[in-house]
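Presented below is the structure to which this report refers.
No lab work stands behind these numbers, since they all come straight from the coordinates. Quick caveat, the model's predicted, so the values are computed rather than measured. Cβ placement follows ideal geometry from the backbone for every residue including glycine, while neighbour counts extend to all protein chains displayed.
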Amino acid sequence: MKVSFPHMGYSYLAFKWMVEHTGHECIVPPEPSKRTLDLGVRHSPEFACIPFKMLMGTYLEVAEMGAEMIITSGSNGPCRAGLYWVMHQYLLEELGQPVKIVALEPPLCDMRDFIGKLRLIRKTGGISTKQLIWVLQVTWEKVKAIDEIERHSHEIRPYEIGKGDTTRAFWQALEMIDAANSINEVRLAYREALKVLDAVPQDNSRNPLKVGIIGEIYVVLEPSANHYMQIMLGEMGVQTDRSIYLSGYTKKTTIYDLEGDLYTVAQPYLNEAPIGGHGANSIAETVLYSRHGYDGVVQLAPFSCIPEIVAKSILPTVSRDHDIPVLTLFIDEQTGKAGVQTRLEAFVDLMERRREVKQKQSTIARRLVI
């Protein structure tokens, strides 16, 4: 069976390997492009957010490439994204596309449904349960390695001497992970990949600004959705840290719930039930980035995303209480790279001025003590 999946960051390399080793032919989803978004906008409800539209466009593209099944994820709410796959299936059928969407709901929500979907994938691929377990284990190692390599690239990029060297090294590192075919090979490739990134010529005398990235999972994880914002900031000399990586999110939804502590941090600003999506996370993570000495926070949110709209209304108070500037970027099909870059450049200037003022105040305070 020809199987595909959503494109979300660089995880497609791991999922490509998983599909191929479960006995299926993999239809690798193309990186979301203007055509992807145009297709999604044309065939989606006008009020739908950009993740819905991009996924719709992606599903239509892989359907054109011959995909018969799309494996995606669900969620247990209250964010409406948990039902997106139902709407996508309906729209595909309405357009006459014979594609079946299989949504893996979080095991913490419905373990029986999760196991049943895995069994369907195994049976249609004609592999044993033992083989499936091995494939999932290797896939998980690949997902973790890809996330850690990407995280490391964002740490190195503001120190690079030659613009673009880190990005080229990152792609070389991803190729090494892609070529690995066992847990041991993935771990070895990961160690070698880190060496490739560390070999990038760097100027370690720099003292880059530090910015935390928060917001809705899709626009945070998919670089094409946010116009490669982290690379853009890194090449401006800013070190970024992302609050969401796929491995951490998967662990939270499949093994144990990591959000309890985050809700505790956000509680002073939320006296109601969880607001859905990653809204509460955005509030809590802004507090945590302030505690860890970050210079600013960028909130990425799809236009019309209710959880992030609620979070945005609270973040000015968090920003004042914890003395950390927050820039919110709402993203839709009208958002352009030039506009994003202009706003980021202004935000970087603001943070640099704040740092200079703080350093002067600190110098004056030390002199007064002496």
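Starting from the Cα of residue 360, draw a straight line to each of the lysines and keep only those under 28 Å, dropping any in the same chain fewer than 8 residues away.
210
Using the number of other C-beta atoms within 10 angstrom as an exposure proxy, rank 354, 291 with the fewest first.
Ordered from fewest to most neighbouring Cβ atoms within 10 Å, 354, 291 come out as 291, 354.
Mind ranking 329-337, 81-89 by how tightly packed they are, going by the mean number of other C-beta atoms within 10 angstrom, highest first? Numbers along the way, then the final one.
Working: 329-337: 15.2, 81-89: 19.1.
Taking the mean over residues of other Cβ atoms within 10 Å, the ranking is 81-89, 329-337.
Divide by every residue of the chain the summed helix terms, -39500 (n - 2.57) for each DSSP H run of at least 4, and state the resulting mean residue ellipticity at 222 nm, rounded to the nearest 500 deg cm²/dmol.
Details: 15 runs with 210 residues, N = 370.
The per-residue figure over the chain is -18500 deg cm²/dmol.
Between residue 120 and residue 194, how many nm apart are label points set 7 Å from Cα along the C-beta direction?
Result for the modelled spin labels: 3.9 nm.
For residue 275, what residues show an amide H to amide H distance below 5 Å, using hydrogens built from the backbone and excluding near sequence neighbours?
Under 5 Å from the amide H of residue 275 lie the amide H atoms of 280, each far enough along the sequence or on another chain.
Put a dot 7 Å past each Cα toward the Cβ at residue 20 and residue 367; how far apart are the dots in nm?
6.4 nm
Can you give the local net charge around residue 55? Use residues other than it whose beta-carbon is closer than 12 angstrom to its beta-carbon, Lys and Arg +1, Asp and Glu -1. Write down the numbers at each step before the final one.
On the way: positive: 53; negative: 61, 222.
Result for the local shell: -1.
So if each residue of separation counts as 0.36 nm, and I subtract the Cα-Cα distance between residue 1 and residue 204, what length gain in nm does that give?
So the chain would gain 68.0 nm between residue 1 and residue 204.
If R₀ is 51 angstrom, what is the calculated FRET efficiency for the pair residue 112 and residue 355, using the beta carbon separation as r and rounding to 0.05?
0.45
Between residue 137 and residue 322, with labels modelled 7 Å along Cα→Cβ, what's the label distance in nm to one decimal, could you check?
Output for this residue pair reads 3.9 nm.
Going by C-beta contacts inside 10 Å, put 188, 60 in order with the fewest on the left.
188, 60
Order of 231-242, 198-209 by packing, highest average Cβ count within 10 Å first?
231-242, 198-209
For residue 64 and residue 332, what is the calculated FRET efficiency with R₀ set at 22 Å and r taken between the beta-carbons, to the nearest 0.05?
Rounded to the nearest 0.05, the efficiency is 0.35.
Using the scaling law 2.2 N^0.38 Å as the reference, what is the normalised Cα Rg of the chain?
Taking N as the residue count of the chain, the ratio is 1.03.
Just the number, please: percent antiparallel of the DSSP beta bridges in the chain, rounded to the nearest 5.
5 percent
Kirkwood Rh over alpha-carbon pairs of segment 136-205, then Stokes-Einstein at 4 °C and 1.567 mPa s: what D in µm² s⁻¹, rounded to an integer?
Answer, rounded: 107 µm²/s.
Can you give me the Kirkwood hydrodynamic radius for segment 1-103, using every pair of distinct Cα atoms, in Å to one decimal? Intermediate results must be reported in sequence, preceding the final value.
Values: mean 1/r = 0.0733 Å⁻¹.
By the Kirkwood definition, the hydrodynamic radius is 13.6 Å.
Roughly how many Å is it from the Cα centre of segment 46-62 to that of segment 131-185, as a whole number?
Using only Cα atoms to place each centre, the spacing works out to 27 Å.
Can you put 26, 305, 109, 49 in order of Cβ neighbours within 10 angstrom, beginning with the fewest?
Listing 26, 305, 109, 49 from fewest to most nearby Cβ atoms yields 109, 26, 49, 305.
Normalised by the residues of the chain, what does the relative contact order come to in percent, with Cα pairs under 8 Å and at least six apart? Display every interim value, and only then the final one.
On the way: 571 pairs, mean separation 57.0, N = 370.
Once normalised by length, the contact order is 15 percent.
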